[in-house]
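S.K.: The following block contains the structure, expressed as structure tokens.
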Amino acid sequence: MGEKTQPRLLLLLFLSGLVHCSATFVFWTANVEISFVNSYNETEEKYCECGLYGRNSPVRSASGIVTLPVGDPKGCGPDPVYGRNTTSPPWIALVKRGNCTFGEKINAAKRLGAAAVVVYNVDGSGNSTTHMAHSDAGDIVAIMIGNTQGMEIVRLLKNGIDVQMIISEGMAHGPWMDTYWLYFLSIAFFIVTAASIAYFVFISANRLYNMSRSKRNENRLKSEAKKAIKRLQVRTLNRGDEETSSDSSMCAVCIESYKVGDVVTVLTCDHIFHKTCIEPWLLERRTCPMCKCDILKALGVEDDRKESFSAESPPDVTVITVTGDTLYEVPLTDPGSLDPERQQHRYDNRAFEEDSEAARG
Ligand SMILES: [Zn+2]
Ligand SMILES: [Zn+2]
């Protein structure tokens, strides 16, 4: 469980919450089928997916003879008269929206044994419907249809025509059809996007920081390598030198034999190379191409750097110097103990001498 999994877990929790909330607000359309005998004595059938199940209605089928309230078409009041008071034959109450709550209308019909309640919308609202809330009147199929459809059935019934209705479940519709949910989803989408962007910005900033740190580290190593290069012995090859007299002796970087007058650098491991060949190599790699000896470690340049960070007792650093064929080990921490004669011959490199002068203050 790393730090990276935490935002993903939060995102998952958020999305599962979103799905759960969406499921709560899914609504169902209802198929409404009516059949009646018309004036030509023919059975006419009409069908539309124009109903909308109420929020508290069971989503199931229902059928019966459509019945209007005898008095108030809105079916309000304690005892609206439907002209029926039994469940057989099954009947469906058709009431107009308004005057009282959906729950009151639905309960009034339910008391008299209706199989379902169909509420049609107010005048002038065309085919539009709303998602009825009737928490006080559940367990009976309750749908809403548009005013146009409702009024058409009312006209048939008022003309003395019996209308049979079958209600069945249509399609489930998600919250994306609801304006508030559109707002909610937009905001949720914005939050998720912003969180993702913030996360990627953080990751990129972290990567940039690491890159700049490694660049700084590389620069530091380069400057240390420069310091170390200044401390290396540089010789000009003369006639009679071992390197010029043998053909087998060559620079391992350019694979060329040494000639009289070549300027060479002697590394701390005693391997020699052309000065112009080895310096770029050391700046990049800081090790001998032949034996991998680390010149920073051998010259104690790294230790010098560590010393500047801590005030602890300085490490016992030694530098190997070469004069002719003789090797000397000189402790840097105690320049006073140097043999003056030996110190005089310690460097034959001008840069090296300057460095030494600076070191002595
Ligand atoms: Zn070379
Ligand atoms: Zn070497």
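Derivation of every value follows stated rules applied to the coordinates shown; laboratory data play no part. Bear in mind that the values here come from a model prediction, so they are computed numbers and not experimental data. With ideal geometry, Cβ positions are generated from the backbone for all residues, glycine too; neighbour counts draw on all protein chains shown.
S.K.: What does the net charge come to around Leu208 if you take all other residues with beta carbon closer than 14 Å to its beta carbon, with K and R at +1 and D and E at -1?
M.R.: That works out to +4.
S.K.: Checking a compactness column here: for the range 44-120, what do you get for Rg(Cα) / (2.2 N^0.38 Å), N being the number of residues?
M.R.: Details: Rg = 12.0 Å, N = 77, 2.2 N^0.38 = 11.5 Å.
Normalised Cα radius of gyration, the range 44-120: 1.05.
S.K.: Related question: Would you grab the residues whose amide H sits under 5 Å from the one on Val163? Only those 5+ places off in sequence or on another chain, please, with H modelled 1.01 Å from N.
M.R.: HN-HN under 5 Å from Val163: Val66.
S.K.: Would you kindly calculate the translational diffusion coefficient of the range 27-173, applying Stokes-Einstein with the Kirkwood radius from alpha carbon pairs, for 25 °C and a viscosity of 0.890 mPa s, and quote it in µm² s⁻¹ without decimals? The partial results should precede the final answer.
M.R.: Details: Rh = 14.9 Å.
It diffuses with D of about 165 µm²/s by this estimate.
S.K.: Sticking with this one: Using the Karplus curve 6.51 cos²θ - 1.76 cosθ + 1.60 with θ = phi - 60°, work out ³J(HN,Hα) for each residue of the range 215-232 in order, rounded to whole Hz, and write x for Gly and Pro.
M.R.: Computed from phi, the couplings for the range 215-232 are 5, 4, 4, 5, 4, 5, 5, 5, 5, 5, 5, 4, 4, 5, 4, 4, 7, 7 Hz.
S.K.: Consider a paramagnetic label point 7 Å from the Cα of Glu284 along Cα→Cβ; state which residues of the range 246-269 have an amide N under 16 Å from it.
M.R.: Once the point is set 7 Å along Cα→Cβ of Glu284, 252-255 turn out to lie under 16 Å by backbone N, inside the range 246-269.
S.K.: Can you work out the Karplus-derived ³J(HN,Hα) for every residue in the range 31-36? Use 6.51 cos²θ - 1.76 cosθ + 1.60 with θ = phi - 60°, whole Hz, and x for glycine or proline.
M.R.: 7, 10, 10, 10, 9, 7
S.K.: Separate question: What is the ratio of the Cα radius of gyration of the range 109-242 to 2.2 N^0.38 Å, where N is its residue count, to two decimals?
M.R.: Values: Rg = 40.2 Å, N = 134, 2.2 N^0.38 = 14.1 Å.
So the Cα radius of gyration is 2.84 times the expected 2.2 N^0.38 Å.
S.K.: Net charge around Ile140, counting only other residues with Cβ within less than 12 Å of its Cβ (Lys, Arg = +1; Asp, Glu = -1)?
M.R.: Here the count lands on +2.
S.K.: What order, most packed first, do the peptides 94-100, 34-40 have when packing is the mean number of other Cβ atoms within 10 Å of each residue?
M.R.: Listed from highest to lowest mean packing, they are 94-100, 34-40.
S.K.: What are the ³J(HN,Hα) values, in whole Hz, obtained from phi via the Karplus relation 6.51 cos²θ - 1.76 cosθ + 1.60 with θ = phi - 60°, for each residue of the range 166-172 in sequence order, with x given for Gly and Pro?
M.R.: The phi angles translate into 10, 10, 9, 6, x, 9, 7 Hz.
S.K.: Among the DSSP beta bridges whose two residues both lie in the range 27-173, what percent are antiparallel, rounded to the nearest 5?
M.R.: Expressed as a percentage, antiparallel bridges in the range 27-173 total about 65.
S.K.: Give the total of Lys-Lys pairs in the range 207-308 with Cα-Cα distances below 21 Å; include a pair only if its members are 8 or more places apart or on different chains.
M.R.: 25
S.K.: Looking at the range 241-288, which trypsin sites (Lys or Arg not before Pro) are in a loop (DSSP not H, G, I, E or B) and have at most 10 other Cβ atoms within 10 Å?
M.R.: Lys259
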